[in-house]
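Heads up, the thing below is written out as structure tokens.
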């Protein structure tokens, strides 16, 4: 007996909540510890891979900055092979591919550059910085420009423009779009793009040294566009002079090639042979100093055209030698790059495959363990939450049921006291003080008893079960008719129009009780002789309008707070709204609406 009593007390409400909370805390602690261990292991695997990628990237950049493009290409390729899974290392994967493409383009290997760059496109959205996507689209645009496919070049420049964020980068892309227009001989379109950005000195906040270089390029392109259009001699010369002034500050012979070539074109157009030759020589000298073989050959061709016949013969011999040398070197470069790609792929297959497979297997195994563990935790938490909800809902239901019973009992008790106690007391006094053998007294006693019975029956009906099936309308009308008398007439309208079967049972019951309460208040507190109840359906809502012709003078607040508080509360439980309108000349009017 003592043991049973102890168990009963232990499983009381407070003890159950306490046990459930302890169980939840234990589960959360276990989950946190296991997940931390799993994350540490996954992070360790990823960190090992990341360290190797960073090391390879640094090695690649070191070769690139030192001008050893063949070695840089080889190690950039190894970097992108290490980036697996690619989505986890999207920055390094796309970045290394972009660098490879730049090297390939510099050596005229445009087909290989396109093939390489396409690999980066599926992972552009997974990178953490838009610069990777902007660079990828820009390099693809360059590739098509070099292959004379200007429409595709413009397409990718526009994609890069949509991705770009900084004003400086957008201005640079607009300049490149204008450059593509120039190749299409759409010089006016190029001018339309370049003129607005040339008027603004847009600074590169990340790398300030790029500011003058970009402005010089914009002015160079704008000057060439003016030159090609014609009738813009002064504007073209002004652009070329300002561009040259900015480029000289950069101390970069490669950039100066274009500036002096622009002056060569300008003086060719406006017939100044002396300055034409001088600028051709300067362009050729800068190309030689910059060791740009392609530009050296092109500038040499310009010098042949600008110089006298005797010097042109000497230049022609040099030109032929350089052409032959360039062809041979490009063939070697292409073969060398092909060998690098092949060797890199072979290196991956032979040296990295086992390591990658091992790491991936460990990572996948750990992820599987994590998924299993998380599944167990989720199931445990679900059971815990389910038990808690069952307990909570059950407890809440019991409390609400007790509250409802208590309120009903108090309401019935108050009603019996208010409406029957006085009548019963008066009837008893009448029976004691009068001779019941007298027919008149007997009739009065029967009248009092019948009155008590009627009120008792009404109270019983108010708290009885309300049918919500097909009998509902008949029961509702019967309840309303009980408030009719020889002095009070009730008019009903719209009851037969409503499709009662589509209305929820709970809403039917609440409507029944609301009308019952309203009619009771009208009968008890007003001198109305005519009551009207109208039902309307509008936009899936039911509107009920109750009016009478009473002449009672009262205030809205008094009615809502004292007499119709229960009505207002019931309407709110079904998400309805109530509207009160009192006019002493026309009587009392109340309407309420609720969704059905």
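Approximating the spin labels as points 7 Å out from Cα along Cα→Cβ, the residue 565-to-residue 400 distance works out to 2.2 nm.
For a quick protection proxy, order the peptides 505-518, 92-105 by their average other-Cβ count within 10 Å, most packed first. Please report the intermediate quantities before stating the final value.
Working: 505-518: 18.6, 92-105: 24.1.
Listed from highest to lowest mean packing, they are 92-105, 505-518.
The packing ranking, built from the mean of other Cβ atoms within 10 Å per residue, places the peptides 185-193, 390-398, 197-205 in the order 185-193, 197-205, 390-398, highest first.
Taking label points 7 Å from Cα along the Cα-to-Cβ direction, residue 422 and residue 497 give a separation of 4.1 nm.
What FRET efficiency comes out for the pair residue 290/residue 185, r = Cβ-Cβ distance, R0 = 41 Å, nearest 0.05? Computed FRET efficiency for residue 290 and residue 185 comes out at 0.90.
For a paramagnetic label modelled on residue 473 (point 7 Å from Cα along Cα→Cβ), amide N atoms under 15 Å away belong, within segment 494-510, to 494-503. Over all distinct Cα-Cα pairs of segment 133-249, the Kirkwood formula returns a hydrodynamic radius of 14.4 Å.
The translational diffusion coefficient of segment 469-595, from Stokes-Einstein at 10 °C and 1.306 mPa s with a Kirkwood hydrodynamic radius over alpha carbon pairs, comes to 106 µm²/s.
In terms of the mean number of neighbouring beta-carbon atoms within 10 Å, the peptides 569-576, 482-489 order highest first as 569-576, 482-489. You can think of it this way: the chain between residue 252 and residue 301 has 15.4 nm of extra reach, that is 0.36 nm per residue less the Cα-Cα gap.
Take the Cβ-Cβ distance between residue 106 and residue 234 as r, set R0 to 30 Å, and report the resulting FRET efficiency rounded to the nearest 0.05. So the FRET efficiency works out to roughly 0.25. Here, segment 252-307 has an Rg and a Dmax of 10.1, 30 Å when only alpha carbons are counted. Multiplying the residue separation of residue 66 and residue 152 by 0.36 nm and removing their Cα-Cα distance gives an extension gain of 27.6 nm. With the simple spin-label model, which puts each label point 7 Å out from Cα in the Cβ direction, the residue 274 to residue 485 separation comes to 12.8 nm. A straight chain from residue 575 to residue 200 at 0.36 nm per residue would run longer than the Cα-Cα distance by 128.9 nm.
Readers should treat all values here as calculations from the given coordinates under stated rules, not as data from a laboratory. A quick note: this is a predicted structure, and the numbers were derived from the prediction, not measured. Ideal geometry is used to build each Cβ from the backbone, glycine not excepted, and the neighbour counts take in all protein chains shown.
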